[in-house]
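These notes are about the structure you will find just below.
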Amino acid sequence: MIEAGYPVLTYLIFFPLVAAVLLAFFRTECMVRWFTLVVGLCELLLAAPLFNFKLGVASMQFEEVVPWVEQWNLNYHLGVDGISLFMVLLTILLLPLCTLCSWKYISSRVKEFHVCLLLMTAACVGVFVALDFVLFYLFWEAMLVPMYLLIAVWGGPRRRYASIKFFLYTLAGSTLLLVAIVAFYHQTGTFSIPELMQGQYSFTFQFWAFLAMALAFAIKCPMFPFHTWLPAAHVEAPAAGSVYLASVLLKMGTYGFLRFCLPLTPAASEYFAPMMIAISLASILYGGFAALGQNDMKKLIAYSSVGHMGFVTLGIFLFNVRGVEGALMQMLNHGITTGALFMLVGAVYERSHSREIKDNLGLGKFLPIYMGFFGLFTLSSFGFPGTNSFVGEALVLFGAFEANYWVGGIAIPGALVAAAYMLRLGLKMAWGRPSSVPSGHFWDLGIREWVYLAPLAALVLYIGLAPTLCLKVVDPSIEKLLSDFRVRSAQIPAEARTLADYAPELPVVVAEQ
């Protein structure tokens, strides 16, 4: 049902694609930059109807269903709910911001770079709104190409190694996801995600389907020990590539857990929950201590993402409202805060031509406005009260203690280590003694940099001080998700949760009529 007078989700996907084609007709680099910026602002205007999202409604909104390949029961089916809304809006917001933060940094193959940004936006929006499994998979795979190119073409000295590692890891996960999609279709004869959520599946089927999907999503998150592609990709990617990688691509994994693993394989999710919680705690602690030992700012923020995403997966597999609330909020908050930190690293790199902490000491004296923004996002990164990340982390910790005191207790050191490595970074950059007096290349933030940092700073404070509206958006979808999860999980009694001779074949599913 079209609720905005036009198919808003289709426009959000295909408008950047059309703009990418039109870029071929532009001759000068300046025109390419301005055109992409205008397209990003128009994309925001096209998304305006999403702000009329109905609160208190758990079902999909702005749905679009068009038959696609009828003999395979394939449909062009889109929709958005409280679980996906904020990720769609964040993805759209990043397009103009990433265009601005790359304005001077990207000086070669400018047209091709902006085509990649537009393609990334279209694919990422498609991932979060697709309600057909094949459509979801097409967008999931389409995202790989522009991200690979961003790293391989505009990356650092080891860009070839980083891009190939990123591509191979993600492609391996995608192959497992494709196996799960084919298995579900073989059993039900449909690719419709809402219809698949109504099916009842034996525990053996759920066991193998969960493993296939969870490995794909764990690589994407990335969870420990599947994280090794992330630091290399972040360090070598240009600033805009790191922003998309941290703010959007990592969230596709946690979104997959919420959209597919819990609704489609509830009994297996419950069965594997202790393992997933243990891996999440390991990610929190490992990511924190690894970040504490880094001297490259990008690598430090990359390892911090491993820890932060550990909080998200921990919240998901607690299976309580507070935990999942915190996970969804932290998905949004991490995207805002870490994206801004990568933009700030890119800004200082334009000045010092180094990402090493030792080459960027004592900037508080020379770049006070820059360090003001950096200080705000640093506080947000470790969950300082009054910032957005505090809301998400606090909810996850509440959910953890509600589920098990030991789980909550083990997660606490992860939050403390986050404060240690972020304060170390912020204090050295603000008040450290520089090895030499910075030259005239150290200028404070200009208007362009103010424009792309100020909206993210405003979101940090708004969500941190007034999170009620965000919680009202996500709560109905969370409550429905967990209610359905408990009902469907209870349909398989404990004595039936065994593998039939550990056989890999998948038993027939009995679909609800």
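The values are calculated or read from the model by the stated rules, or taken from the named source; none is laboratory data. Because the structure is predicted, anything quoted here is derived from the model rather than measured. Cβ coordinates were reconstructed from backbone atoms using ideal geometry, including for glycine residues, and neighbour counts include every protein chain displayed. Areas reflect the complete protein model, heavy atoms only, side chains present, ligands, DNA and RNA absent. Shrake-Rupley method; radii C 1.70, N 1.55, O 1.52, S 1.80 Å.
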| request: Kindly indicate whether any position in region 334-351 is open to solvent by 10 Å² or more (accessible area, probe 1.4 Å), of a type in the set (Asp, Glu) and touching a residue at least 12 places away in the same chain (Cβ under 8 Å). | output: yes
| field | Which listed residue, of Gly414, Gly409, Gly392, Gly364, is surrounded by fewer than 14 Cβ atoms within 10 Å (Cβ to Cβ) and not hydroxyl-bearing (Ser, Thr, Tyr) | value | Gly409
| Members of region 154-176 that are charged (D, E, K, R), part of a helix (DSSP H, G or I) and surrounded by fewer than 15 Cβ atoms within 10 Å (Cβ to Cβ) | Arg160
| field | Candidate set: region 234-256, residues that are of a type outside the set (A, V, I, L, M) and under 12 Å from the mean Cα position of the chain (by Cα); chosen: the one farthest from Ala214 (Cα to Cα) | value | Ser242
| request: Would you point out the residue of region 177-186, among those that are open to solvent by 60 Å² or more (accessible area, probe 1.4 Å) and touching a helix residue (DSSP H, G or I) at 6+ places or on another chain (Cβ under 8 Å), that is modelled with the lowest pLDDT? | output: Tyr185
| Every pair of residues 6+ apart whose Cβ atoms lie under 9 Å, when the first sits in region 38-60 and is in a helix (DSSP H, G or I) while the second is loosely packed, with under 15 Cβ neighbours inside 10 Å and among the polar types (S, T, N, Q) | none
| query | Out of all the residues in region 108-128, is one or more without any contact (Cβ under 8 Å) to a residue 12 or more places away in the chain and either open to solvent by less than 50 Å² (accessible area, probe 1.4 Å) or over 25 Å from Thr10 (Cα atoms) (or both)? | reply | no
| The listed residue being closer than 18 Å to Gly126 by Cβ and assigned to a strand (DSSP E or B), out of Val21, Val66 | Val66
| message | Take the conditions surrounded by 17 or more Cβ atoms within 10 Å (Cβ to Cβ) and over 30 Å from Leu45 (Cβ atoms) and apply them to Ser84. Does it pass? | response | no
| Hits in region 140-165 - residues which are of a type outside the set (D, E, K, R) and free of Cβ contacts under 8 Å to residues at least 40 places away in the same chain | Ala142, Leu144, Val145, Pro146, Tyr148, Leu149, Ala152, Ile164
| query | Which residues, counting only those in region 300-330, are more than 29 Å from Ser477 (Cα to Cα) and either touching a Lys or Arg at 6+ places or on another chain (Cβ under 8 Å) or among the small types (Gly, Ala, Ser) (or both)? | reply | Ala302
| message | Restricting to region 211-223, and then to whatever is surrounded by fewer than 24 Cβ atoms within 10 Å (Cβ to Cβ) and more than 14 Å from the chain's Cα centre (by Cα), can you tell me which residue is farthest from Ala152 (Cα to Cα)? | response | Leu211
| note | Within region 380-415, restricting to residues that are free of Cβ contacts under 8 Å to residues at least 24 places away in the same chain and assigned to a helix (DSSP H, G or I), the one that is nearest to Ala340 (Cα to Cα) is Ile412
| query | Are any residues in region 1-53 polar (S, T, N, Q) and buried (at least 16 other Cβ atoms within 10 Å of the Cβ), and if so, which ones? | reply | Thr10, Thr36
| task | Answer yes if at least one residue in region 249-263 is over 28 Å from Phe139 (Cβ atoms) and hydrophobic (A, V, I, L, M, F, W, C), and no otherwise. | result | no
| task | Among the candidates Val473, Val437, Val509, Val460, single out the residue that is among the hydrophobic types (A, V, I, L, M, F, W, C), modelled with pLDDT under 90 and open to solvent by less than 30 Å² (accessible area, probe 1.4 Å). | result | Val509
